[in-house]
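The values are calculated or read from the model by the stated rules, or taken from the named source; none is laboratory data. None of the values given here were measured: they were computed from a predicted structure. We place every Cβ from the backbone using ideal geometry, glycine too, and count neighbours over all the protein chains shown.
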Amino acid sequence: MKTALDASGTVRHIRRRLAARRRLVTLALLAVLALTFAAALYLGDYYVPPGEVVRSLLSPLTGHVDKGIDFIVLNVRLPRATLAVLTGMSFALSGIIFQTLLRNPLASPDIIGISHGASASAVFCIIALGMSGLAVSLGALSGAILTALVIYALSWRGGVTAYRVVLIGIGMAAIMSAVMSYLFTRARLFEVQQALGWLVGSLNASGSDDIAAMAGALAILLPATVVLVRSLDALQLGDDTATALGARIEAVRLGLIVVGVAYAAFATAAVGPVSFVAFVAGPIARNLLAGSGKGFPQAAIVGALVMLASDLVAQHALPMVQLPVGVVTGLFGALFLLWLLVVSNRAGRVN
Amino acid sequence: MVSAPASVVTTRGTALALGLFCLVAAVVLVAFLSITVGARPIDLQTVWSSLTAFNPQSTDHRIIWDLRLPRTVIGLAVGAALGLSGAVLQGATRNPLADPSILGIHSGAAVFVVLGVAVFGITQLSLYVWLALIGAGIAMLVVYSVASLGREGATPIKLALAGAAMTAAMQSVTSAILLTSPRTLDEIRFWQVGSLAGRDMAIFVQVAPFLAVGVVLALASGRMLDGLSMGEDVARALGQNVGRSRAMAGLAAVILAGAATAAAGPIAFVGLTVPHVARAITGPNYRWILPYSMLLAPILLLAADVIGRVIAPPGEVQVGIVTAFLGAPVFIALVRRRRLATL
Amino acid sequence: MTRKFLTSLVFATLALLPGAASAEPWGYTDGTGNTVNLDAVPTRIIASQDAAAGLIPLGIRPVGIYADSPVADAKALQGLDLTGIEIIGQAWGEVDIEKAAALAPDLIIAEYWPLDKAWSGGEDVVNALSPLAPITGVTQGDSVLALIEDYEALAAGLGADLSKSEIAADKRAFETSLAAFKAATSAKPDLTALAVWAGPDALYVAATSGAAELVDFKNWGLNLIDPEIADDRGYWETLSWENADKYQPDLILVDNRQAATMETALAQPTWTLMKAAEAVAVADWPAFWLRNYRAYADELDKLTAAINAADENLTQ
């Protein structure tokens, strides 16, 4: 009796400690994100003193208007930073959903072909159909969804296993890359540049319509994610008979895949296939949590942070050249993961 | 069942050796096709007379000698190199996804070529060779040493992750350069698709020594790969130095993949698919998988090249595109049929 | 150095004066029919690299230029004095909005590409810059000469003095070169020419109607061979190097945006299947980058020399 009590006491104690760790990590991440956001509003070639930044942010309330500064703060820096946060969250959640479902840190949408599908579709729209703007984004969106469906259908053999999805995804990625390379050799340089610019992913010229679309998508997808993840947990802990459970788990998993594709697709449509954010956010968050949680919300914050910080670097690292954010996320994320591998002594426990 | 009768083993060995012989015949056949079929129709008689009595005044003869022969030779060499390097990598890392492109070797080669074009204004294919080899070597070295850190050494998952990280990093650098330099983009977009066209014998001569060394190293590592495939502990118990085996196999793979990439650009699907096909035929024995991969890959590559030459006249479709479309479905079919996760 | 500085100072003053002196409204209608109206003649202009190449020789100096490559690599800007002009973009699709805003521009000048329905720099750049100032410019059409004339009209509207001796001299030099070019082509009525881009994978034969300067050459008497099947956008026919002798011109024009194109061609064993290539009847094709009289005159002179040297009966 005594030992049982002790055990439950220990469990409660561990739970408390884990919860404390979770809170600490979340708060620390939020604090860093807030600081980076502030830096994004302050830094720039057009010098605006901090006081003016705050005044400009409050100008809709106070009615105090300075056209030049308000343009820089409210029309350039604020939308850019906001879109970075929203798309970063989106990429991260898409990545961690796939990594969790397929139990493989490789299985983020930018590795298993979904991003490639979006990209190939967009490049086709730009080069073969001569489209631009919203049409390209819609093309990318349908490309991502179509590729995901094809991968899922090809992986289906009385159920879907993680390794089949990953391998078939990589096969699809190769086909899509070949399509893109071919289109690149068949177009004029002007269109190739246009397509390459799209492919790298950029936050340049972030507009309110991008933000509205992204926020609208998140308003639907976030609650859906919470519900689906909770019910997946409940099902895996529950004690229903195996078959009934199996069918319901499969339905929930399918639901999560749809949500995961939607995250990736909307973010890609907004800013292009910014590389590596989906890939790194989950592993980073789980490493910080050190086993104290599944890490969905934390991964979302990490994703936002990676995106925002990378964009700051992309804009200000080189004095004469502004780079697209995707160049830096790739470099940043890759270096971070290499470092993670270096410090990680636990092989195979990277996620 | 535990101890198979000796006769069964021998029969299997004979069958596999016979299969190897058939593959050699198939290689000769595709090489013949590659010389006779092209965007320009040339009849068999002319092809024959060009080989027996070369006439420099004849346009058709010049096309056979200046274009189709080099391209066939390079196709055979590149194909063999890609197939072998894929098989060796898969065996050494015990990773079904191991492939020059997945382990970041292609992207390492690509970034050095791009840097060479953008920064030093290099435009000759012959100089790409050195750049690609250096890039491939550095990429593999970084990927392998990063993945080997830690208690358990280079596990498949760590290798694949390190390779993916390398690829992402290198692609970012490549994109940054290409975006700021349309001049380089214009050069590179034709190289990075992967093609056998427009390469002359000089390129083959340049990569040939590397290929020879790579082939010898790779074929010699068959026994070690068989040891590794039983698990590292078994391999160690058999008296094998696991680290050294891996290093040698890795070196072979880098040399082969680097030289192939230099000669033909990054051709992505051959190294991944062919070893799986070979394994499906031969079973899990690297002393057979390696020669089978080495012969199957040039068949795939040259057949793909011939198809690419005739499907879009008067132009051509690059071989890298065709192999992706031929190789990927085969690969997907294999994934659906067999359990690949256990190597 | 001092002279250069003084010249640019004079240009700057000239560009400023009309705007300062007259507060009369200014308007320009671009090729798409959109009219930009301003309260005064704009003096603080941000230009795309091509627009800058069109305007600077006419005495209109923009305050900022955005390019899609390092400015040193931009063929159109070669030989132009860019001192004192802020470079606000050197990568495709990227422009430093804050630098642009700090320049306080009152007009953005780019070029409109009707086929792509896009302003130079692409949609991202336009979206970034258009909140700062209205965007306008000339439209790409089927003649470089017409494009340069459009720039003259635009520059004149912006207050440039086109009768200034240097500007007028450039135009006269072009007219002389043009007359020589026409004389050369009419002296060799049977001469045929082919415009190509040489890639490592294939030979790309240009369709005349896809490049404005080729249309000009054709109108001035050069018999350009048109490829049989151009791609779906009407720009190129792709020839496998095995079929490099499909067309036999007397003179080959090779895209000269990059020196590497010529090297690629020479490295191909079948390049010389074209008799003109074997006879080295090869000249530069100034593809897509000409924007002013001086550059055009230089390129025409090279072409005229090549036509005079070519054998019109090399092929039938």
Within region C:98-130, how many residues turn out to be in a loop (DSSP other than H, G, I, E, B) and either facing chain A (nearest Cβ under 9 Å) or modelled with pLDDT under 90 (or both)?
8
Could you pull out every one of the helices (runs of 4 or more DSSP H) wholly within region C:216-316 that has 1 or more residues that are closer than 30 Å to C:ALA52 by Cβ and within 27 Å of the chain's Cα centre (by Cα)?
C:259-267, C:293-309
Assess whether B:GLY250 counts as being within 23 Å of B:SER107 (Cα to Cα), at pLDDT 85 or above and not in a loop (DSSP other than H, G, I, E, B).
no
Look at A:SER137 and say whether it is closer than 26 Å to A:VAL280 by Cβ, of a type in the set (S, T, N, Q), out of contact with any Phe, Trp or Tyr (no Cβ under 6 Å at 6 or more places or on another chain) and within 14 Å of another protein chain (Cβ to nearest Cβ).
yes
Those residues that are part of a loop (DSSP other than H, G, I, E, B) and more than 8 Å from every other protein chain (Cβ to nearest Cβ), I need them from region A:153-186; list them, please.
A:TRP156, A:GLY158, A:GLY159, A:VAL160, A:THR161
For region C:210-219, check the following and say yes or no: at least one residue is closer than 30 Å to B:VAL310 by Cα and either at pLDDT 95 or above or within 14 Å of another protein chain (Cβ to nearest Cβ) (or both).
yes
Any residue in region C:225-236 that is surrounded by fewer than 22 Cβ atoms within 10 Å (Cβ to Cβ), in contact (Cβ under 8 Å) with a residue 12 or more places away in the chain and among the hydroxyl-bearing types (Ser, Thr, Tyr)?
yes
Out of (1) assigned to a strand (DSSP E or B); (2) at the interface with another protein chain (Cβ under 8 Å from one of its Cβ atoms), what's the single condition that is false for C:VAL205?
(2)
Within region B:31-64, count every residue that is in a helix (DSSP H, G or I) and of a type in the set (Lys, Arg).
1
On the basis of being more than 9 Å from every other protein chain (Cβ to nearest Cβ), touching a residue at least 24 places away in the same chain (Cβ under 8 Å), hydroxyl-bearing (Ser, Thr, Tyr) and over 21 Å from C:SER143 (Cβ atoms), does C:THR176 make the cut?
no
When B:PHE190 is evaluated against the numbered criteria (1) surrounded by 24 or more Cβ atoms within 10 Å (Cβ to Cβ); (2) touching a Ser or Thr at 6+ places or on another chain (Cβ under 6 Å), which criterion, by number, is the only one it fails?
(1)
Tell me, please, whether a residue that is within 9 Å of chain A (Cβ to nearest Cβ) and either in contact (Cβ under 8 Å) with a residue 12 or more places away in the chain or not in a helix (DSSP H, G or I) (or both) can be found in region B:270-288.
yes
Does any residue of region B:245-253 turn out to be small (Gly, Ala, Ser), under 30 Å from C:ASP255 (Cα atoms) and buried (at least 20 other Cβ atoms within 10 Å of the Cβ)?
no
Hey, does region B:51-60 have a residue that's in contact with a Leu (Cβ under 7 Å, 6 or more places away or on another chain), surrounded by 24 or more Cβ atoms within 10 Å (Cβ to Cβ) and polar (S, T, N, Q)?
no
For C:ASP161, only one of the following conditions fails: (1) more than 17 Å from the chain's Cα centre (by Cα); (2) crowded, with 20+ Cβ neighbours inside 10 Å; (3) away from every other protein chain (no Cβ under 14 Å); (4) not small (Gly, Ala, Ser). What is its number?
(2)
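Yes or no, residue by residue, for (1) more than 24 Å from B:LEU178 (Cα to Cα); (2) surrounded by fewer than 21 Cβ atoms within 10 Å (Cβ to Cβ):
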residue	(1), (2)
C:ASP68	no, no
C:GLU86	no, yes
C:VAL95	no, no
C:ALA102	yes, yes
Please work out if B:ALA92 is at pLDDT below 85, assigned to a helix (DSSP H, G or I), within 30 Å of the chain's Cα centre (by Cα) and among the hydrophobic types (A, V, I, L, M, F, W, C).
yes
